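The values are calculated or read from the model by the stated rules, or taken from the named source; none is laboratory data. Model, not experiment: these values are computed from the prediction. FYI the Cβ positions are ideal-geometry reconstructions off the backbone, even for glycines, and counts take in every protein chain you see. Just the protein is used for accessible areas: all its heavy atoms, side chains included, with ligands, DNA and RNA removed. Shrake-Rupley method; radii C 1.70, N 1.55, O 1.52, S 1.80 Å.
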Amino acid sequence: MQLGTPLSQYLIEEQRLYPEATGSFTLLMNDIALACKTISAAVRKGALVDVLGNAETDNCQGEQQKKLDIIANDLFIKNNIWRGHIAAMASEEMEEVFPIPEDKPRGKYLLVFDPLDGSSNIDVDGPIGTIFSIMRSDKEHPTEEDFLQEGVKQVCAGYCLYGPATMIVISIGHGTHAFTLDPDIGEFILTHKDIQIPATSAEYSINHANRVKWEKPMLEYVQDREAGVDGKKGKRYTMRWVGAMVMDVHRILMRGGMFAYPIDEGIRAKGGRLRLMYEANPISFLVEQAGGIATTGYERILDIKPSKLHQRIPVIIGSKEEVTDILDYHKAFAAEHDLKFTHECKLYK
Ligand code: AHG
Ligand code: MN
Ligand code: MN
């Protein structure tokens, strides 16, 4: 039997490219992989071990927490708190930055995560995941301000998808790679090297129930695709929506397409639906590293300077041709309404 490249080997080979590397990042990534395996084990057992259903609490964003949201958050903290690679953590499920306790060693990295993405799928045995982002810290005692770095500054972005197979997808700035968990040996094995999102596609992913509240550019794009052979692209499109960003984005990394949670009138006051620091930024990094585009419609997501930890923003990502078309609609709309537009789509033509 041929042994594929384990994640641990991939990380060490990457580390060797940097003679000055201390190995701290490699060890941190191993801790994250262990955290994901532990969450995967809990997810797989489901109702057998009483992890389904609601908790009795809301998170800081007023959303009902599921038991697994809390379990996954705790597992991520427990697996990362003691090794000395992190200065502080932050998560969807915690209002404030979580500093490494004084009695533990501190490292130079900041870890931000969405412990369980797609929570509404938990009780219906649907796909869910964990999303994470790693940045550098130059302070021993970082505050929220130190976390507010543009997405381009991420050292690593990734997610773990708990689907029919458990997969970890990461980028440390040298392409996007996917590793599949071999449950017999407990290792993530490199199965998808240097993923490239096809430039064209005939699939899009969006919550249609919000249609009446969308802005004109998104409505124009979807109406055009709905027109099928009579539309701009002269072909039939199909729509897929799982309701877990990790899964909807994973499909795009595997076979192309467009995923959007755009701005709409129902969420305008909040700034959007998805969270910049632990959803949009890591996913945008992975998508760009795989040759796709990630935008709000008006600006490149990875260039945004976050204003707060739990900031929300509109997200439109995927295949170059699809997202470039959407940017064209936004550019025209911005010109009509004197709105700021900085994501120059001609870059992608
Ligand atoms: P989370 O479970 O971490 O709160 O994230 C859910 C997100 C995202 O994964 C998904 O794309 C979106 O919420 C679905 O929102 P709607 O229920 O509004 O469609
Ligand atoms: Mn989420
Ligand atoms: Mn979540």
If I filter the range 48-92 down to residues being crowded, with 23+ Cβ neighbours inside 10 Å and either among the acidic types (Asp, Glu) or outside the structural domain of Glu144 (by the TED database) (or both), which single residue comes out as nearest to ligand 1 (Cβ to nearest atom)? Glu92
Verdict on Ala47 being more than 23 Å from the chain's Cα centre (by Cα), free of Cβ contacts under 8 Å to residues at least 12 places away in the same chain, away from ligand 2 (no atom under 16 Å from the Cβ) and over 19 Å from Met135 (Cβ atoms): yes
Could you check the range 118-133 and list, in sequence order, the residues that are in contact with a Leu (Cβ under 8 Å, 6 or more places away or on another chain) and at pLDDT 95 or above? Pro127, Ile128, Gly129, Thr130, Phe132, Ser133
When the range 202-211 is checked residue by residue, the ones that are under 26 Å from Thr324 (Cβ atoms), over 22 Å from the mean Cα position of the chain (by Cα) and not charged (D, E, K, R) are Ala202
Pick from the range 104-122 the residues that are in a strand (DSSP E or B) and over 13 Å from the mean Cα position of the chain (by Cα): which of them is nearest to ligand 1 (Cβ to nearest atom)? Leu111
Check the range 98-115 and report whether any residue there is open to solvent by 10 Å² or more (accessible area, probe 1.4 Å) and within 16 Å of ligand 2 (Cβ to nearest atom). no
Looking at this structure, is Ser119 in the same structural domain as Val97 (by the TED database), closer than 17 Å to Asn80 by Cα and surrounded by 21 or more Cβ atoms within 10 Å (Cβ to Cβ)? no
Flag if Val222 is modelled with pLDDT of 95 or more, away from ligand 3 (no atom under 16 Å from the Cβ), assigned to a helix (DSSP H, G or I) and surrounded by fewer than 16 Cβ atoms within 10 Å (Cβ to Cβ): no
Select the strands (runs of 3 or more DSSP E) contained entirely in the range 25-98, then report the ones holding at least 1 residues which are among the basic types (Lys, Arg). 64-66
Hey, does the range 261-275 have a residue that's under 13 Å from the mean Cα position of the chain (by Cα) and more than 15 Å from ligand 3 (Cβ to nearest atom)? no
I'd like to know if the range 134-142 contains one or more residues that are open to solvent by 50 Å² or more (accessible area, probe 1.4 Å) and at pLDDT 95 or above. yes
Of the residues in the range 276-332, those that are in contact (Cβ under 8 Å) with a residue 60 or more places away in the chain and either in contact with a Cys (Cβ under 9 Å, 6 or more places away or on another chain) or of a type in the set (Ser, Thr, Tyr) (or both) number 12
Taking the range 93-103 and keeping residues within 16 Å of ligand 1 (Cβ to nearest atom), of a type in the set (D, E, K, R) and more than 17 Å from the chain's Cα centre (by Cα) leaves Glu95
Looking at Tyr159, Tyr204, which is the one that is more than 30 Å from Met94 (Cβ to Cβ), in a strand (DSSP E or B) and touching a helix residue (DSSP H, G or I) at 6+ places or on another chain (Cβ under 9 Å)? Tyr204
Within the range 189-201, considering residues that are more than 19 Å from the chain's Cα centre (by Cα) and outside any loop (DSSP other than H, G, I, E, B), the one farthest from Gly234 (Cα to Cα): Ile189
